[in-house]
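As structure tokens, the structure follows; a few thoughts come after it.
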Amino acid sequence: MRKTYAAALVLVSCVAAGTVSAQGAEGLGLSPSQTARVVGVMDEGFQSCVTAPVLYQSDCFSQVYRSGSKILGSNAGYWEAEVALTRVSRNTTAFVRANTDKSAGRIRVGAFKVKAIQADALNEAKMSYAQDATRAAKLLTSGSATESKYFKPISDLVMQYNALRP
């Protein structure tokens, strides 16, 4: 029992100090394959979203973030990344709900069925999304060196599509 406690204490100390090796990080749930999976799914979703009519893009982007956070939801090692993606999804979803164009029907964009926002809310949607995406990218890269290694590709993707959002 003492050995297990001591080993856990050493592991927690290493994680807190950011000195866990790649092998140790994988033991915590962080892995190149998990990162690649979420980046791949989100990139595919974003690529579809940028082809959609601009008034539908906010809802589309929200659903991409939700998809990414769901992939990470069962992996405790990616908790901070899940939180960052979930915040963008929730904030964007709330904005879309408050500003939905009820006269416009839903359309299919890639794997998502999305609704439009009102045209007069577009500038506010862009500003709100840019703030949320920037905040998420900063959170993704503000952790330990080990977390940053695995979260940076996600952060880079978030910022890439933040810049592409019309």
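Quick check for you: with a 1.4 Å probe and neighbouring chains kept, what is the accessible area per residue of the range 78-120, in Å²?
Each residue of the range 78-120 exposes 57 Å² on average to a 1.4 Å probe.
Remark: C-alpha extents of the range 32-161 on the principal axes read 47, 25, 23 Å, sorted largest to smallest. In terms of accessible area, using a 1.4 Å probe and ignoring ligands and nucleic acids, 80, 147, 124 rank largest first as 124, 80, 147. What is the range 90-139 by shape, rounded, prolate or oblate, if you read a ≥ b ≥ c off the alpha carbon gyration tensor as root eigenvalues and call it rounded for a/c under 1.5, prolate for a/b larger than b/c, and oblate otherwise? Oblate shape, in that a/c is at least 1.5 and b/c is the bigger or equal ratio. Straight-line cross-link partners of residue 70 among the lysines, defined as a Cα under 26 Å from its Cα and at least 8 positions apart when in the same chain: 113, 115, 126, 138, 149, 152.
The values are calculated or read from the model by the stated rules, or taken from the named source; none is laboratory data. This is a predicted model, so every value here is computed, not measured. Keep in mind that these areas ignore ligands, DNA and RNA; they rest on the heavy atoms of the full protein, side chains included. Shrake-Rupley method; radii C 1.70, N 1.55, O 1.52, S 1.80 Å.
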